[in-house]
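Single-structure report; data block below.
The values are calculated or read from the model by the stated rules, or taken from the named source; none is laboratory data. All of these numbers come straight from a predicted model, not from anything done at the bench. Cβ atoms come from the backbone with ideal geometry, glycine included; neighbour counts cover every protein chain shown.
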Amino acid sequence: MEANKVKIREFLSRHFKNHDLKDDEDIFALGFVNSLFAMQLVMFVEGEFGIRVENEDLDLANFRTVDAIATLVEKKAA
Amino acid sequence: MEATQKTKKKDDKKTIKCVVWDLDNTVWDGVLLEDENVILKADVVEIIKELDERGILQSIASKNNHDDAMRKLEEFGIADYFLYPQINWNSKASSCEQIAKLINIGIDTFAFVDDQPFEREEVAFNHPQVLCLDALNLDGMLDLDVMIPRFITDDSKKRRQMYMADIERKKVEEEFVGPTDEFLASLDMTFTIDPAKEEDLKRAEELTQRTNQLNTTGYTYNYDELDEFRQSDDHLLLIAGLEDKYGTYGKIGLALVETGEEVWKIKLLLLSCRVMSRGVGSILINHILQSAKAAGKRLQAEFLQTDRNRMMYITYKFADFKEVDKQGDLIIFENDLTRLQPFPEYVNVQIG
């Protein structure tokens, strides 16, 4: 789980430069969420962790924080 | 007119979006490797110019030395007509594939012209959807139904130049190190959203027919239907345009909203794939959300999933839309309008 979080944090830090992102911080509260970033995030999660994010997983709540993404990855990989 | 009755009818209107040309004995008489003094075929040049006027893109798949062939094309003054020319020793099937990928359109909208039966068969074998034409028999090529777009709009005439500007942008983007927002800000973009006017309708129809990936339902509407929506009190037909420091992208977005008594419903929302990486789709959605909220209505959206429009599903979900109903393949989303985002800082938004 911790290793996954490191990867997620690293990916997100490329989008939120100059911001020390906390694991429970709402990334959607930080700025405008555009469709490009949304797609990149989903593609990253699928590619990096080898999971398929289904329609029902595509909920903001599953992508809102580093913690939430890590939980989703763990659930899907199980 | 009842918009909910519309169904997908894309395939019966397929037209060619890109023609890929061979060079030796196709665009010119002779084989460049054997004799430098090849002779440009005047009738082919006429075809190339006419296709360009119609907004059909063109490229090259030729087995030749890249630099020699490009120099020849420049000498003939026709190099600029071709996007991403593939002049190498790869199979022409793979060259066509590469062009489709670089332009970002489906290979099923391609035509391929070559004088060699072997090359045509090799392309046809790997990509049966590609229309293969014999370069020695091009009479009537321009009269083929698939070579005649229903409308030729200002945007289609400028299409090649807009793709050229895209190539320039991509180069700069690849070299840019830093966060996406910063890059987007450096483009100096202006995004416009306006109610569609009569002169926008041809382009609007073209957009409903050409756009597959960034399209929430794939409903196609013809000119007259769109003209009715435009003037109807129960509909909002919005057209969006984008320009940046490299030039204009033209009109690249369309949204049709059914404005009911209590509920507004987005029937169609689409964006040209050329603006995929510009983050403007969310702005168009946000504008509709804000308008619905200001009008005191609920806001729903229809969505028809295809194998190509996942990005729009994600766009809706990440814009806080929730699935509230499903009728077969048709998903009904609703946004409760409690979390509206301001427009991003990297683009200047103008609402007409």
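So the values come out like this:
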{"item": "Unmet requirement for A:Asp24, which otherwise passes all of (1) buried (at least 16 other Cβ atoms within 10 Å of the Cβ); (2) more than 11 Å from every other protein chain (Cβ to nearest Cβ); (3) closer than 24 Å to B:Leu340 by Cα", "result": "(1)"}
{"item": "Lone qualifier among B:Lys293, B:Lys267 - being farther than 28 Å from B:Lys17 by Cα, away from chain A (no Cβ under 14 Å) and at pLDDT 95 or above", "result": "B:Lys293"}
{"item": "Residues located in region B:99-118, provided they are farther than 20 Å from B:Gln209 by Cβ and either without any contact (Cβ under 8 Å) to a residue 60 or more places away in the chain or touching a strand residue (DSSP E or B) at 6+ places or on another chain (Cβ under 8 Å) (or both)", "result": "B:Ile99, B:Lys101, B:Leu102, B:Phe112, B:Val113, B:Asp114, B:Asp115, B:Pro117, B:Phe118"}
{"item": "Any chance A:Val73 is closer than 25 Å to B:Asp307 by Cβ and within 12 Å of chain B (Cβ to nearest Cβ)", "result": "no"}
{"item": "Residue match in region B:331-343 (condition: under 22 Å from A:Val33 (Cβ atoms), touching a Phe, Trp or Tyr at 6+ places or on another chain (Cβ under 6 Å) and modelled with pLDDT under 95)", "result": "yes"}
{"item": "From the options B:Ala93, B:Ala69, residue that is without any contact (Cβ under 8 Å) to a residue 60 or more places away in the chain, in contact with a Ser or Thr (Cβ under 7 Å, 6 or more places away or on another chain) and part of a helix (DSSP H, G or I)", "result": "B:Ala69"}
{"item": "Residues of region B:225-254 satisfying the condition of being over 30 Å from B:Val172 (Cα atoms) and of a type in the set (Ser, Thr, Tyr)", "result": "B:Ser232"}
{"item": "Count of residues meeting criterion [part of a helix (DSSP H, G or I) and more than 13 Å from chain A (Cβ to nearest Cβ)] in region B:155-187", "result": "20"}
{"item": "Subset tally (residues that are within 28 Å of the chain's Cα centre (by Cα) and without any contact (Cβ under 8 Å) to a residue 60 or more places away in the chain) for region B:28-57", "result": "4"}
{"item": "Identity of the residue in region B:314-352, within 22 Å of B:Pro195 (Cα to Cα) and β-branched (Val, Ile, Thr), that ends up surrounded by the fewest Cβ atoms within 10 Å (Cβ to Cβ)", "result": "B:Ile351"}
{"item": "Matching residues, region B:98-154, being among the acidic types (Asp, Glu), part of a helix (DSSP H, G or I) and either under 21 Å from B:Ile48 (Cα atoms) or at pLDDT below 95 (or both)", "result": "B:Asp108, B:Glu119, B:Asp143, B:Asp145, B:Asp154"}
{"item": "Residues within region A:30-47 that are more than 7 Å from every other protein chain (Cβ to nearest Cβ) and either more than 21 Å from B:Tyr313 (Cα to Cα) or at pLDDT below 75 (or both), tallied", "result": "2"}
{"item": "Residue within region A:6-18 that is of a type outside the set (A, V, I, L, M, F, W, C), in contact with a strand residue (DSSP E or B) (Cβ under 9 Å, 6 or more places away or on another chain) and either within 14 Å of another protein chain (Cβ to nearest Cβ) or part of a loop (DSSP other than H, G, I, E, B) (or both) present", "result": "no"}
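For every residue, the table says whether it meets (1) away from every other protein chain (no Cβ under 14 Å); (2) closer than 28 Å to B:Ile167 by Cβ.
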{"residue": "B:Gly253", "(1), (2)": "no, yes"}
{"residue": "B:Leu289", "(1), (2)": "no, no"}
{"residue": "B:Gln300", "(1), (2)": "yes, no"}
{"residue": "B:Phe318", "(1), (2)": "no, no"}
{"residue": "B:Glu323", "(1), (2)": "no, no"}
{"residue": "B:Gln327", "(1), (2)": "yes, no"}
{"residue": "B:Leu337", "(1), (2)": "yes, no"}
{"residue": "B:Val347", "(1), (2)": "no, yes"}
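Per-residue answers, yes or no, for (1) under 24 Å from B:Ile266 (Cβ atoms); (2) aromatic (Phe, Trp, Tyr):
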residue: B:Asp166; (1), (2): no, no
residue: B:Asp188; (1), (2): no, no
residue: B:Thr192; (1), (2): yes, no
residue: B:Tyr221; (1), (2): yes, yes
residue: B:Leu237; (1), (2): yes, no
